[in-house]
Amino acid sequence: MTEEKKDTNPIPFLVKLVLWILLYASFWYSGDFYEQHPRLNKVSDGLNLFLTASILFSIGRYIIITIYNKRHEKRIVRGNFVLGINRLTVVLNTSVALISFMIAFGIDPREFVTSLTIVAMAIAVTFREYITNLISGLFIMFSDQLSVGDRVKVGEHKGRIVDINFSSLIIQNEDDDMVMVPNNMVFTSPIINLSAHRSTLFLVKFELPLQAAVEVDKLEKSIQALLANHPYLTGEDDLQLKVVEIGKDYAKYKMEMHAKSSSNKVHKQVENEVFKEVLKFKKDYDVET
């Protein structure tokens, strides 16, 4: 599920709006009650600040994203701007929540910050790496150089970006491992975006019983014959089966190929044809053995 789709749920906003209306109604009709209970009055002030700010942030986020999508509806754009706005809204909500918490407990945020200046400096030094990663993450989110779904190579890590957060890029490599690359590394190490234009390279992966590995050359030749002059492929690949992993009773293989189109539908169709050939090979091997 994409970042945009996850944030189209209006229920959290409506809940905050209803709570805000009820809170203001209580101020209007029960002012004397709050005056008689100063402790509860402070809590309500903190809650009021958080709800008001959060509602304004949500409205602002919706307006900005709507305008952005409207201006780019006729162009193919990368999803980083929406991702950045959503993550920035989370930061703002968290900051206001901390201030509201202080107000609820009778702490003046300005005095608190002033009295903890030295401590804050020590915290900033201690969490320097995380802070710089956070800033780097925001730069990445609001840039059009990298986006979720891109295939990249950062240092020795190569794979597809599945998420960008405040601390790292989450990359899924060809072995389906999740690699967390610190955002700072994007700015300090050479990085290659293999999907500056949508990639036509895709992989077909499968596994076979270990006993069938001795006959895998037959499978390779049958797949090569199947894909020779295939209308969806460029024909530039050698289509060799490569061993990815050998387990106790299985062997995993992969085959790299380039399609003429970057369409996932085309990739899946070719992958499905290869899988059918693998099933046919496995069936014939089981019959022979």
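Here are a few things to note about the model shown:
- Condition check for Asn133: touching an Asp or Glu at 6+ places or on another chain (Cβ under 9 Å), at pLDDT 75 or above and among the polar types (S, T, N, Q): no
Okay, residues lined up against (1) part of a helix (DSSP H, G or I); (2) crowded, with 16+ Cβ neighbours inside 10 Å; (3) in the same structural domain as Asp175 (by the TED database); (4) at pLDDT below 85:
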{"site": "Val214", "(1), (2), (3), (4)": "yes, no, no, yes"}
{"site": "Leu226", "(1), (2), (3), (4)": "yes, no, no, no"}
{"site": "Asn229", "(1), (2), (3), (4)": "no, no, no, no"}
{"site": "Glu245", "(1), (2), (3), (4)": "no, no, no, no"}
{"site": "Ala251", "(1), (2), (3), (4)": "no, yes, no, no"}
{"site": "Met255", "(1), (2), (3), (4)": "no, yes, no, no"}
{"site": "Val270", "(1), (2), (3), (4)": "yes, yes, no, no"}
{"site": "Lys276", "(1), (2), (3), (4)": "yes, no, no, no"}
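- When Ser262 is tested against (1) out of contact with any helix residue (DSSP H, G or I) (no Cβ under 9 Å at 6 or more places or on another chain); (2) part of a loop (DSSP other than H, G, I, E, B); (3) open to solvent by 40 Å² or more (accessible area, probe 1.4 Å), just one condition goes unmet, and that condition is (3).
- Per the conditions (1) open to solvent by less than 90 Å² (accessible area, probe 1.4 Å); (2) under 15 Å from Ser261 (Cα atoms), the sole criterion not satisfied by Glu236 is (1).
Residue-by-condition table, conditions (1) within 24 Å of Thr200 (Cβ to Cβ); (2) among the aromatic types (Phe, Trp, Tyr); (3) open to solvent by 70 Å² or more (accessible area, probe 1.4 Å):
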| site | (1), (2), (3) |
| --- | --- |
| Thr126 | no, no, yes |
| Ile135 | no, no, yes |
| Arg151 | yes, no, no |
| Gly155 | no, no, no |
| Gly159 | yes, no, no |
| Ser167 | no, no, no |
| Asn173 | yes, no, no |
| Val179 | yes, no, no |
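- Candidate set from segment 40-70 (those that are open to solvent by 70 Å² or more (accessible area, probe 1.4 Å) and free of Cβ contacts under 8 Å to residues at least 40 places away in the same chain); member that is farthest from Asn93 (Cα to Cα): Lys70
Quick grid of which residues meet (1) at pLDDT below 85; (2) within 24 Å of Leu134 (Cβ to Cβ):
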residue	(1), (2)
Phe50	no, yes
Arg75	yes, no
Arg78	yes, yes
Ser95	no, yes
Ile103	no, no
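The values are calculated or read from the model by the stated rules, or taken from the named source; none is laboratory data. Here the structure is a predicted model, which is why all the values come from computation and not from measurement. Note: ideal-geometry Cβ built from the backbone for every residue, glycine included; neighbour counts use all protein chains shown. The area values use the complete protein model at the heavy-atom level, side chains included, leaving out ligands, DNA and RNA. Shrake-Rupley method; radii C 1.70, N 1.55, O 1.52, S 1.80 Å.
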